[in-house]
Amino acid sequence: MLKAITHVNVWVRDQDEAREFYTQKLGFEVREDVTVAEMGNFRWLTVGPPSQPELQMILMQPDAFPASADTIAELQDVVAKGAGGGVIFEVEDCRATYEELKAKGVEIVQEPTEQFYGIDAAFRDPSGNQHRFTQMAEVQQTT
């Protein structure tokens, strides 16, 4: 059976720009940054939050996989529009995280908002990906 999620792909326009954003603005660690000459200088770049060492976010450029120029352009367009999906990050204090990210110049697309599941907000990375960060509400479970 499937055991765990270890890697999540995030399409990025520029890997150097993405590396700087995810490490400098979000505080992630670089997990792997390898260029493979035998594969046409393919670059494998992963980052992750220090509190979750088993998870790696792959920061991959659309032109890194074999596809037509049209397909690559379409994928780049979808990402730039923020329509390519995103990641939801758990935070302890959504409003404090909002203030911290805003002070670092991160593009906020939704301020902290009360929801039935907690408080959440959203930001965009330099490639256009829209991600959310959520402070989960205390949920009482009934059995």
Inset, instruction - Please tell me if GLU138 is over 22 Å from GLN15 (Cα atoms), acidic (Asp, Glu) and modelled with pLDDT under 95. - result: yes
Legend entry - Output for the stretch 132-143, where each listed residue is among the polar types (S, T, N, Q) and free of Cβ contacts under 8 Å to residues at least 40 places away in the same chain: GLN140, GLN141, THR142, THR143
Legend entry - Any pair with Cβ under 7 angstrom, 6 or more apart, that starts in the stretch 21-33 at a residue that is under 17 Å from LYS102 (Cβ atoms) and ends at one that is open to solvent by 50 Å² or more (accessible area, probe 1.4 Å): LYS25/LYS104
Legend entry - Tally, over the stretch 25-47, of residues that are touching a Phe, Trp or Tyr at 6+ places or on another chain (Cβ under 7 Å) and of a type in the set (D, E, K, R): 1
Legend entry - Those strands (runs of 3 or more DSSP E) lying entirely in the stretch 5-85 with at least 3 residues open to solvent by 50 Å² or more (accessible area, probe 1.4 Å) and over 25 Å from GLU107 (Cα atoms): 29-36
Legend entry - Residue match in the stretch 112-131 (condition: under 22 Å from VAL12 (Cβ atoms), free of Cβ contacts under 8 Å to residues at least 24 places away in the same chain and open to solvent by 40 Å² or more (accessible area, probe 1.4 Å)): no
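Looking only at the stretch 86-96, filter to residues that are open to solvent by less than 90 Å² (accessible area, probe 1.4 Å) and not aliphatic (A, V, I, L, M); which one of those is farthest from ALA18 (Cα to Cα)?
Out of the qualifying residues, it is ASP93.
One line per residue, one yes/no per condition, for (1) over 24 Å from LEU59 (Cα atoms); (2) in contact with a Cys (Cβ under 6 Å, 6 or more places away or on another chain); (3) not aliphatic (A, V, I, L, M):
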| residue | (1), (2), (3) |
| --- | --- |
| LYS102 | no, no, yes |
| GLU111 | yes, no, yes |
| ILE119 | yes, yes, no |
| ALA122 | no, no, no |
| ASN129 | no, no, yes |
| GLU138 | yes, no, yes |
Inset, instruction - Working only within the stretch 100-109, note down all residues that are surrounded by fewer than 13 Cβ atoms within 10 Å (Cβ to Cβ) and without any contact (Cβ under 8 Å) to a residue 24 or more places away in the chain. - result: ALA103
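The values are calculated or read from the model by the stated rules, or taken from the named source; none is laboratory data. Because the structure is a prediction, the values reported are computed rather than measured. Ideal geometry is used to build each Cβ from the backbone, glycine not excepted, and the neighbour counts take in all protein chains shown. Please note that ligands, DNA and RNA were not included when accessible areas were found on the heavy atoms of the full protein model with its side chains. Shrake-Rupley method; radii C 1.70, N 1.55, O 1.52, S 1.80 Å.
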